[in-house]
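Structure record follows, encoded as C-alpha cells.
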Amino acid sequence: MNILLRSRYPGRAAQAIVIGLALAQTSYSQVLVDPALQVVTHQTGLNQPIGIVFLSPNDYFVLEKASGQVKRFTNGIPTGVVLDLAVNSASERGLLSMALHPNFPASPYIYIYWSESSTGIDTTVAADVSLRANRVDRFLWNGSTLAFDRSVLALRAYQADAGQPIRGNHNGGVVRFGPDGKLYAMIGDNGRRGYMQNNLQGPNPDDQFGGPAPDDAHLTGAIFRMNDDGTVPTDNPFYLKTPYRAFDKVYAYGVRNGFGLCFDPSTGSMWTQENGDDAFDEINRVTAGFNGGWIQSMGPISRVNQFRDIEVASGNMQQLRWPPQNLQTNQISAYKRMWKAPGSHYEDPQFSWKYAVAPANMNFLNTGNLGDTYRGTLLVGASRTTLSGGYLFNMKLNESRKGFSFTDPRLNDLVADNAAKFDPAESESLLFGTGFGVVTSVETSPDGRVYLVSLDQGKVLEITRPSFKN
C-alpha cells in the first residue's frame, strides 16, 4: 500500500513529504549495514511523531505533528501530555520542532515551531491558516506543563497562488540553538518567488499580499538568527545593511526547503540538508550571509544546465508563475540573476544527488557509543520510503570538517550522479540502514545514545552497539 503524499503536480515526489497526511502506520524491518549494530524500539503507536527532545537521559518529550501534542516519557513510560496546540497539519505543516534554552533548566524556556490552525482546533484543511501562521513561540516549563510565554517569530504559511490549489508545503520547521547561544529557525520558500528566492524579474508584486521585497509576509526560504527573546542580534550578517528591517534577522537565504539543520559539535559549524524539486538534493555547510542560490541554481552552479534540463523535462517546479524554462543554461548567467544582498555570498553545496533522493532530518552522532568509526559522522534520514523503505545515510567529514571524506572515488566531484529519482547509484557507500521509514528526528541523548523518530512507523528507535563498554 502506498501511503505517501502524492503531489498535485506530476513528478513532485521529492518535496511531497509523507508528513502531510494522517497516515496509516507502516511496518518495515529496520536493517543496519554494520552487523555489530542493532535497533531497539522504545515507543510505538505514536501519531506522526516528528521530534524527540531530552530533559535527561531517561526523560524526554516526543512531538506529534498532526495532534499538536507534546508527550512526556520517563523511564520509557508515558507520563502525560504537557502541551496540546491547535495545529494545521495540512501537507508539511503542523507541530514541527522544539529546542530547549541552552541554559535549561536554569532558564526554563522551550521553543516550538508550529503551524497554527485558524479554527482553534486541529485541522488538515489547507485554507485554515492565517497569513503568518508558521510560528516560533517560547514556552515556560514548570516541571509538569508548558505555558505560553511569548511569540518569537511569525512566518508565512498561507499559500493561495493564482491558478493553483491552496497548498501547505515548504514550511521548513527546524528550530535549534547554536553554540553561540543564538536561536536559529529555518523555513522553505513557501511557494514565493521574490528577492529571497533570487528572483529579480517579477512578477511585482509577488502575490496578493505584496512582495517581492522581503517584508514580513515574504520572509521565506531562509534561516533566521535571533536572541533568546526574539530580538535581532546586532552582529547578524544583514543587520541594517538593506532597507528591509524584517531582513535583519536573516542569517541565510536562497533556500528551497529542508527538514534538517544541525551544528557540528567539534567545530560549531552549521549544516543543513535541502530538498531539490526533481534535481540536486543538497547537503550544505552554512556560514553567515549564505545564499543557497535557489531558484537560479540547485546543486553545484557549474551544473546549472543539468538542473535546468531535468526540471524542464519534469514539470513546473511547483510554481506556475515561474516555470523552469526561466532557468539559465550557464553558470555565469545564473549567478548574475541572483539577488546579492549586501554581506551575502553564494556557496555551492558540500554534496548533492543529481536526481532527488529526498533526504529529511539529519544530525551529527555526538557520541562514541557506536564505536569510533561513527563518532562525529553525519546521519541522514529519508523523507520518503521510496528508496530502501526509508534509508539512513552516514557521511564522514574530512580532516578540516569543512567537507566530506568519501571511500568511493566516484563521489570526489561531490555529486552522486544517479540516473533517476530515488536511484541510489553512487550513494551505495553511504548507506547505513534500510527500512526506517520517514526519519524526522536524529538525536544523541545526554548519555550518548542514538535515537531516531520514524514518523510513518509511529516509533522511537535507538541504534546501539551491544558490545560497547562505556
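Points to keep in mind about this one:
- Fewest-first sequence of 144, 383, 302, 67 by Cβ atoms within 10 Å of each Cβ: 144, 302, 67, 383
- Euclidean distance between Cα centres, the range 207-246 to the range 275-315, Å: 23 Å
- The range 407-470-the range 59-107 distance, computed between alpha-carbon centres (Å): 23 Å
- With neighbour counts taken as other beta-carbon atoms within 10 Å, the residues 465, 167 rank, fewest first, as 465, 167.
- Here the gap between residue 320 and residue 59, fully extended at 0.36 nm per residue and compared with their Cα-Cα distance, gives a gain of 89.3 nm.
- Computed extension gain for residue 462 through residue 215, at 0.36 nm per residue and net of the alpha carbon distance, reaches 84.7 nm.
- Ranking 94, 301, 145 by how far each Cα lies toward the positive end of the dipole of the chain (charges on Cβ) leaves 301 at the top.
- Measuring between alpha carbons in the structure, the pairs from 354/396; 402/459; 421/459; 241/336 lying more than 24 angstrom apart are 402/459; 421/459.
- Applying D = kT/(6 pi eta Rh) to the chain, where Rh is the Kirkwood radius over alpha-carbon pairs, T corresponds to 37 °C and eta to 0.692 mPa s, the Stokes-Einstein value obtained is 150 µm²/s.
- At R0 = 30 Å, FRET efficiency that the Cβ-Cβ distance of residue 127 and residue 331 yields, to 0.05: 0.15
- Per-residue ellipticity at 222 nm computed for the chain from its helices equals -1000 deg cm²/dmol, with DSSP H segments shorter than 4 residues left out and the rest contributing -39,500 (n - 2.57).
- Test item: Cα-centred dipole of the range 18-464, Lys/Arg +1 and Asp/Glu -1 on Cβ, debye: 620 debye
- Exposure proxy order (Cβ contacts within 10 Å, fewest to most) of 372, 281, 216: 372, 216, 281
- Net charge contributed by nearby residues that have their C-beta within less than 13 Å of residue 203 (K/R +1, D/E -1): 0
- The range 42-162: relative contact order as a whole-number percent, Cα under 8 Å and 6+ apart: 18 percent
- For residue 153, residues with placed amide H under 5 Å, excluding near neighbours: 136
- Percent of Cα-Cα distances greater than 26 Å, calculated over the range 107-221: 26 percent
Readers should treat all values here as calculations from the given coordinates under stated rules, not as data from a laboratory. Everything numeric here is computed off the predicted structure, so don't read it as measured data. Cβ sites come from the backbone with ideal geometry, for glycine too, and all protein chains shown count toward neighbours.
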